[in-house]
Structure formats: C-alpha cells, structure tokens
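Peer 1: This is the structure, below, for whatever I ask next.
The values are calculated or read from the model by the stated rules, or taken from the named source; none is laboratory data. All values derive from a computational prediction rather than experimental measurement. All Cβ positions, glycine included, derive from the backbone under ideal geometry; neighbour counts span all protein chains shown.
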Amino acid sequence: MKKLINRPDDVVREELAGVALAHAGRLVVHTDPHWIARADAPVAGKVALVSGGGSGHEPMHGGFVGPGMLDAACPGEVFTSPTPDQMLAATRAVDGGAGVLHIVKNYTGDVMNFEMAADLARDEGLQVEQVVIADDVAVEDSLYTAGRRGVGATVLAEKICGAAAEEGRPLAAVAGLCRTVDERSRSMGVALTSCTVPAAGRPTFELGEDEMEVGIGIHGEPGRERRPLASATEIVETLATAVVADLPFRAGDEVLAFVNGMGATPLMELYVVYAALHRFLEESGIAITRSLVGSYMTSLDMAGCSVTLLRLDDELTRLWDAPVDTPGLRWGA
Amino acid sequence: MSAAPGAAGPASGAARDLVDAAAVAAWLRAYAAAVAERRDELTELDAAIGDADHGVNMDRGMRAVVARLAAAGGEGPAQEGPHGGGPDEAATPPPLGPLLKTAGMTLVSTVGGAAGPLYGTFFLEMGKAAGERTALTATEWAEAVAAGVAGVQMRGRAETGDKTMVDALLPAAVALGAAAARGSAPAAATREAARVAAEGMRATIPLVARKGRASYLGQRSAGHQDPGATSSWLLLEAAARALEACGAAHAPQDEPMPAADDPV
C-alpha cells in the first residue's frame with residue numbers, strides 16, 4: 001500500500017483537520033462527534049439539508065457543504081456509516097426553524113443510523129424528513145435484497161434540493177423534490193482496479209490486468225459481472241444501455257449526464273467517456289442539456305467511472321443552474 | 001441448572017429468581033469478553049459475505065460499554081463488581097432501564113455500520129421494557145429480551161430466514177419466554193435460549209442473504225455462517241453464563257467463553 005497517510009487509524013481525523021484549515025471561514029468542522037457545517041448555519045427560516053456517509057468518497061459529502069447545497073455533512077470512518085449521535089448533533093445545530101431534510105444513500109448501515117437519528121431528533125421535537133437515494137441499476141431491486149444502492153444521483157439531489165431550500169421552499173416540498181430526483185435518475189459504474197482501505201492495507205478485491213468489474217458499488221462491492229477489459233466506447237455502451245433501459249429514458253428526453261470518476265481515473269479519460277456517452281445518447285434521440293464531468297463521488301483509489309442520467313424538466317434545470325458555493329461544486333456564486 | 005431454594009444469599013445483588021442491575025452488568029462484561037475473544041473470528045465470517053469489520057466494530061463498542069459501566073461504578077458502591085458486595089444500606093438498587101439504555105446509546109455511537117443501530121436498538125428497547133424496575137422475574141426478563149428482539153426486527157426489517165441476527169435472536173426469545181412460562185429460573189431459561197440461538201446461528205449457513213450488504217452477493221452468500229447471527233448467539237451465551245455465575249454461591253471468575261469447538 002502506497003498512500004499519503006501517517007497512520008491508517010488517523011486518516012479521517014487528519015483529513016477533517018485539513019478540511020477545517022483549508023476552508024476556514026466557509027466550513028466549521030466539529031469533533032466529538034464529527035460533523036461539518038456551513039459557517040453561517042443555522043440559516044433562519046431555511047430548510048436545512050443534512051447528509052453523510054462513510055469517508056473515502058470525497059468530495060461527497062463534506063465537500064458539498066455550503067450555500068446552495070448541504071447545511072451539514074456527517075463523515076463516518078472509511079466506508080463505514082456515521083453514527084446517529086453525529087446526525088443528531090448536526091440536525092440540532094443547523095435547524096433554522098423550517099425543519100431538516102436528511103438525504104441518505106441506500107446502504108443498510110446508513111439507512112439504519114439515519115433512521116435512528118431521526119427518531120432521536122423527533123423525540124426532541126425537531127421536524128425531520130428523510131429521503132433515501134437508490135439509483136444503481138446494477139443491483140436487482142426486489143423485496144429480497146437490501147435494494148438498489150445510492151450512488152451518483154445523491155450528488156444531483158443534494159445540489160437541486162439545496163437550491164430549492166435556498167428559495168425558501170417548505171420541508172415537504174424539498175423532500176418531495178428529492179424523491180423526484182431519485183425517481184428520475186439512474187446510474188451504473190465500472191471498476192478497472194480495486195480500492196485499498198487504509199486500515200486493511202491491501203486491495204479490497206483482486207481484478208486482473210485484463211479484467212473489469214461491471215456494476216460496481218462505491219465500496220468495492222461486487223457488481224453484475226466480471227468481464228474482459230473493453231474500450232471506453234464499449235464500456236459506455238454497456239453502462240448507458242442498462243441505465244437508459246431501466247427508467248426508461250426515451251427519445252425526446254432532455255437529461256443531465258453525469259460522468260463520475262471513482263478516484264484514480266484521470267479527467268482525460270472521463271472526457272473520453274463523456275464523448276462516447278454523448279454519441280450514444282444522440283443516436284437514441286436523448287438530448288444532454290446539462291452535464292457534470294469529474295470525480296465527485298469517489299471510492300478511494302479505485303479506477304473506473306459511473307454514468308448517471310437524470311431526466312430534466314424546466315424546474316429541475318433551473319434549480320441545477322442556481323448558484324452553489326461549496327468546496328466541491330461551485331458556480332454562479 | 002435448577003434453582004435451589006434459599007441458595008442465594010441475602011446480600012447477593014442477584015437472587016436466583018431475579019435479574020438485577022448487577023446481573024445485567026455481569027452480562028455486558030461477559031459479552032464484551034466474548035466479543036473480544038472472538039473478534040477475529042467474527043471479522044473473518046464478515047469478510048466472506050460482508051465488509052470484514054463486524055468483530056472489530058463490536059469489540060470497539062463493547063469495550064466502550066464496559067468503560068461506561070466502570071465509570072458509573074466508580075460513583076457508587078452499588079455497581080461495584082459484577083455480583084459482589086451489593087447495595088449497602090444507604091444505596092437504593094439501581095433501575096435497569098437507564099443501565100440498558102446507556103449500553104444501547106454507547107453501542108449506537110461507537111459501533112457504526114448496521115450492527116451499531118441494531119444492537120443499540122436491542123438494548124434501548126430492553127431498557128424501555130425494564131423501565132424503573134430494579135429486578136426482573138424470569139417472565140419479565142423474557143419480555144424485556146423479546147422487546148429488544150422486536151426492536152431489532154423493526155430497525156432491520158428482517159424476518160427469520162433472511163440470514164441475519166434475527167435467525168438467532170427470534171427463536172431464542174421465543175424459547176426464553178416458553179421456559180419462563182414453564183417456571184424456569186432466569187439462568188435456566190436463558191441457557192435454553194442460548195442453545196436455541198446456537199441452532200439458529202448454524203441454520204444460517206445454507207441460507208441466501210436477503211438483507212444487508214451480504215444480499216448483494218445473492219446465491220454467493222450461501223455456505224457461510226452469518227456473522228450477525230454469530231454475535232447474537234454470543235449475546236445469549238454470555239447472558240446464560242452471567243446469570244449462572246450470579247446465581248451460584250461462588251461464581252467462577254473470568255471463566256472463558258466456550259472453546260473453538262463450540263458452535264461457531
């Protein structure tokens with residue numbers, strides 16, 4: 001394992017120290033328990049957005065804290081969900097009197113810890129709504145599994161709902177919008193290499209030099225199948241075919257196309273992927289009217305990418321375009 | 001073992017037919033010791049079908065619970081030692097609800113993953129059921145455990161056969177209630193529950209996981225014993241041992257948990 005760390009056990013704590021120093025004045029990093037808040041929280045009268053999850057997916061979620069996006073984020077240990085005391089502390093502190101929306105990725109641990117936090121917060125009289133994001137088409141959605149994982153759509157939901165909250169919309173409306181984003185988004189990813197969790201010290205799984213894992217999760221969980229490595233164009237066809245067929249996206253749709261890097265894939269390759277995706281969708285009569293290309297929801301040092309499509313309408317487009325001012329996503333501000 | 005009338009000394013914190021705070025504290029310590037001893041084993045079971053952190057996470061959580069117990073015990077004589085001393089004339093026996101809730105909240109804030117909320121909810125719901133009572137009869141003890149198991153099911157939305165903690169816990173809670181209804185003392189009833197939990201744990205081996213991270217594996221999850229069911233069996237086994245020790249005239253100190261040829 002070659003990593004820029006001091007001690008594996010200190011990675012998250014030292015990372016948060018760095019975040020606090022690098023973004024002083026914009027973010028406040030709390031310890032014991034860990035949570036990150038925008039410096040001007042609570043914003044009176046505004047619905048507050050709180051998210052969180054295991055560390056190792058940066059810039060998600062801490063990098064999306066700021067005006068126009070999240071009010072607070074709760075980082076867990078590497079690939080481990082945060083605990084309810086973190087979400088409870090964050091929820092109490094950022095509540096501006098209009099209630100708090102928890103945006104939760106559909107992983108068993110995340111869902112349970114957030115549900116517990118919501119129970120505890122409601123016991124204290126706080127108004128909390130939760131929306132679980134589950135957009136990964138690689139996982140069969142049935143009553144007999146933990147269900148689809150929450151992946152790329154989480155970033156889009158946090159941005160769009162953040163904008164809606166800034167407009168002063170009530171909690172039920174922001175939560176409803178979050179569900180709309182979840183319902184209209186689909187994603188799928190591919191891994192070219194494994195990732196290495198610092199505490200484990202070795203790759204989470206073995207993948208041959210000429211292999212790829214299609215349908216990977218963001219923690220190195222298995223996907224749909226292992227296949228021989230293919231060209232970028234062929235990989236995009238595989239991912240986009242599954243994504244488009246699932247919603248389904250149809251000719252005439254306008255979409256936001258999000259090509260996300262898993263951590264170790266250069267932006268150069270992500271743009272190669274984006275070009276292939278653009279061609280693929282064009283041939284299907286689907287128009288990309290907004291795009292996002294970069295590493296926003298990573299899996300430590302995994303190489304690979306995910307493709308997310310969101311079917312847009314005028315309202316979602318306007319909220320996407322609204323100003324955002326966070327370390328990870330910034331425009332119009 | 002059956003309860004011999006009059007065997008429990010009047011100064012004992014745990015009469016044989018009652019479960020009091022000293023017995024619950026002894027249970028928590030026994031569970032912490034069992035988890036520490038089997039930490040790597042639990043993690044290896046988790047590596048096969050999960051994310052290889054169950055033993056480490058539970059060990060961290062139960063160490064924190066024991067530390068919390070020790071801190072609380074330092075403030076008053078009533079909590080001193082698992083079953084020694086007992087309350088002096090000045091101290092009222094501590095209620096069970098707050099003790100169990102403290103254990104639950106400690107697990108919730110230290111374990112993480114899915115096991116934190118699940119085991120945390122188990123103790124929180126047990127604590128709610130026990131309330132301000134300072135000692136539980138066998139029936140009340142069984143009801144409290146059943147409330148804890150119902151909490152786990154509510155939190156995890158799991159049924160038996162899903163290859164989870166519930167496969168060990170639910171039949172054990174049923175067996176505990178049945179034994180208590182037949183008039184068994186808490187220790188004997190809990191011994192029966194632990195035996196049933198072990199059966200439930202072993203029965204997870206051929207199952208295909210339908211909840212949690214293991215469910216992503218589909219058929220590939222069959223053939224592996226569920227790590228959550230394993231730590232749940234340990235929970236019942238620790239309870240049986242603690243109650244047996246509290247009921248005995250001379251409790252064995254630091255007796256190890258079952259050896260590796262026992263069911264794991």
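Peer 1: Among the listed residues A:Thr326, A:Thr238, identify the single one that is outside the structural domain of A:Glu158 (by TED's automatic domain parsing) and closer than 29 Å to A:Asp71 by Cβ.
Peer 2: Being outside the structural domain of A:Glu158 (by TED's automatic domain parsing) and closer than 29 Å to A:Asp71 by Cβ holds for just one of A:Thr326, A:Thr238, which is A:Thr326.
Peer 1: Can you tell me which residue in the stretch A:161-197 is nearest to A:Gly45 (Cα to Cα), limited to those that are β-branched (Val, Ile, Thr) and crowded, with 24+ Cβ neighbours inside 10 Å? Full working, then the answer.
Peer 2: Quick first cut of the stretch A:161-197, residues β-branched (Val, Ile, Thr) only: A:174, A:180-181, A:190, A:193, A:196-197.
From what is left, the residues that are crowded, with 24+ Cβ neighbours inside 10 Å are A:174, A:181, A:190, A:197.
Working: A:Val174: 13, A:Val181: 23, A:Val190: 42, A:Val197: 41 Å.
The qualifying residue nearest to A:Gly45 (Cα to Cα) is A:Val174.
Peer 1: Would you point out the residue of the stretch A:273-289, among those that are of a type in the set (Ser, Thr, Tyr) and either under 18 Å from A:Gly189 (Cβ atoms) or within 23 Å of the chain's Cα centre (by Cα) (or both), that is surrounded by the fewest Cβ atoms within 10 Å (Cβ to Cβ)?
Peer 2: Initially, the stretch A:273-289 is screened for residues of a type in the set (Ser, Thr, Tyr), giving A:274, A:284, A:289.
Still in the running and either under 18 Å from A:Gly189 (Cβ atoms) or within 23 Å of the chain's Cα centre (by Cα) (or both): A:274, A:289.
Working: A:Tyr274: 22, A:Thr289: 13.
Out of the qualifying residues, it is A:Thr289.
Peer 1: For the stretch A:185-200, enumerate the residues that are farther than 17 Å from A:Ala264 by Cα and more than 15 Å from the chain's Cα centre (by Cα). Walk me through it before giving the result.
Peer 2: Filtering the stretch A:185-200 down to residues farther than 17 Å from A:Ala264 by Cα leaves A:185-188, A:199-200.
Within the stretch A:185-200, A:Ala199, A:Ala200 meet the criteria.
Peer 1: Which condition number in (1) at negative phi; (2) touching a strand residue (DSSP E or B) at 6+ places or on another chain (Cβ under 8 Å) is the one that A:Ala44 fails?
Peer 2: The number of the failed condition is (2).
Peer 1: Here is a follow-up. Do we have A:Ala200 as surrounded by 17 or more Cβ atoms within 10 Å (Cβ to Cβ) and free of Cβ contacts under 8 Å to residues at least 60 places away in the same chain here?
Peer 2: Yes: the conditions hold for A:Ala200.
Peer 1: So A:Thr80 fits all but one of (1) within 17 Å of the chain's Cα centre (by Cα); (2) in a strand (DSSP E or B); (3) over 19 Å from A:Ala164 (Cα atoms); what number is the exception?
Peer 2: In the conditions (1) within 17 Å of the chain's Cα centre (by Cα); (2) in a strand (DSSP E or B); (3) over 19 Å from A:Ala164 (Cα atoms), A:Thr80 misses (2) alone.
Peer 1: Tally the residues that are more than 14 Å from chain B (Cβ to nearest Cβ) and surrounded by 24 or more Cβ atoms within 10 Å (Cβ to Cβ), restricting the search to the stretch A:103-127.
Peer 2: 1
Peer 1: If you take the residues of the stretch A:1-52 that are within 14 Å of chain B (Cβ to nearest Cβ) and in contact with a Pro (Cβ under 7 Å, 6 or more places away or on another chain), which of them is modelled with the lowest pLDDT?
Peer 2: Residue satisfying both the conditions and the ranking: A:Pro8.
Peer 1: Of all residues in the stretch B:113-154, which are within 14 Å of chain A (Cβ to nearest Cβ), among the β-branched types (Val, Ile, Thr) and either farther than 15 Å from B:Gly97 by Cα or in contact (Cβ under 8 Å) with a residue 60 or more places away in the chain (or both)?
Peer 2: Answer for the stretch B:113-154, where residues must be within 14 Å of chain A (Cβ to nearest Cβ), among the β-branched types (Val, Ile, Thr) and either farther than 15 Å from B:Gly97 by Cα or in contact (Cβ under 8 Å) with a residue 60 or more places away in the chain (or both): just B:Val152.
Peer 1: State which residue pairs qualify: first residue under 14 Å from A:Glu77 (Cα atoms) and inside the stretch A:12-23, second residue surrounded by 15 or more Cβ atoms within 10 Å (Cβ to Cβ) and β-branched (Val, Ile, Thr) in any location, beta carbons under 7 Å apart, and separation of 6 or more residues or different chains.
Peer 2: From residues that are under 14 Å from A:Glu77 (Cα atoms), the pairs are A:Val12/A:Val78; A:Leu16/A:Val29.
Peer 1: B:Thr106 passes all but one of (1) touching a Gly at 6+ places or on another chain (Cβ under 9 Å); (2) modelled with pLDDT of 95 or more; (3) closer than 17 Å to B:Leu136 by Cβ; which number fails?
Peer 2: All conditions are met except number (3).
Peer 1: Report, by residue number, each residue of the stretch A:209-226 that is out of contact with any Ser or Thr (no Cβ under 7 Å at 6 or more places or on another chain), surrounded by 17 or more Cβ atoms within 10 Å (Cβ to Cβ) and part of a strand (DSSP E or B).
Peer 2: Answer for the stretch A:209-226, where residues must be out of contact with any Ser or Thr (no Cβ under 7 Å at 6 or more places or on another chain), surrounded by 17 or more Cβ atoms within 10 Å (Cβ to Cβ) and part of a strand (DSSP E or B): A:Met212, A:Glu213.
Peer 1: From the list A:Ala200, A:Ala191, which one is touching an Asp or Glu at 6+ places or on another chain (Cβ under 8 Å) and among the aliphatic types (A, V, I, L, M)?
Peer 2: A:Ala191
Peer 1: Out of curiosity, is A:Leu126 part of a helix (DSSP H, G or I) and either among the hydrophobic types (A, V, I, L, M, F, W, C) or in contact with a Cys (Cβ under 9 Å, 6 or more places away or on another chain) (or both)? Steps first, please.
Peer 2: Details: part of a helix (DSSP H, G or I): no; either among the hydrophobic types (A, V, I, L, M, F, W, C) or in contact with a Cys (Cβ under 9 Å, 6 or more places away or on another chain) (or both): yes.
No: the conditions fail for A:Leu126.
Peer 1: For the condition touching a strand residue (DSSP E or B) at 6+ places or on another chain (Cβ under 9 Å) and part of a strand (DSSP E or B), what is the one hit in A:Ser299, A:Ser291?
Peer 2: Only one candidate passes the filter, namely A:Ser291.
Peer 1: In addition: Can you confirm whether A:Gly162 is part of a helix (DSSP H, G or I) and not assigned by TED's automatic domain parsing to the domain that holds A:Glu234?
Peer 2: Yes: the conditions hold for A:Gly162.
Peer 1: Next question, about the same structure. Looking at A:Ala89 and the list (1) within 11 Å of chain B (Cβ to nearest Cβ); (2) outside any loop (DSSP other than H, G, I, E, B); (3) buried (at least 24 other Cβ atoms within 10 Å of the Cβ), which single condition is not satisfied?
Peer 2: The single condition A:Ala89 does not satisfy is (3).
Peer 1: With closer than 22 Å to A:Arg186 by Cβ, away from chain B (no Cβ under 11 Å) and modelled with pLDDT of 90 or more as the only criterion, which of A:Leu239, A:Leu229 stands out? Give the steps one after another, and end with the answer.
Peer 2: Working: A:Leu229 fails: closer than 22 Å to A:Arg186 by Cβ.
Among A:Leu239, A:Leu229, only A:Leu239 is closer than 22 Å to A:Arg186 by Cβ, away from chain B (no Cβ under 11 Å) and modelled with pLDDT of 90 or more.
Peer 1: If I filter the stretch A:43-61 for residues that are in a helix (DSSP H, G or I) and in contact with a His (Cβ under 9 Å, 6 or more places away or on another chain), do I get at least one hit?
Peer 2: No, that holds for no residue.
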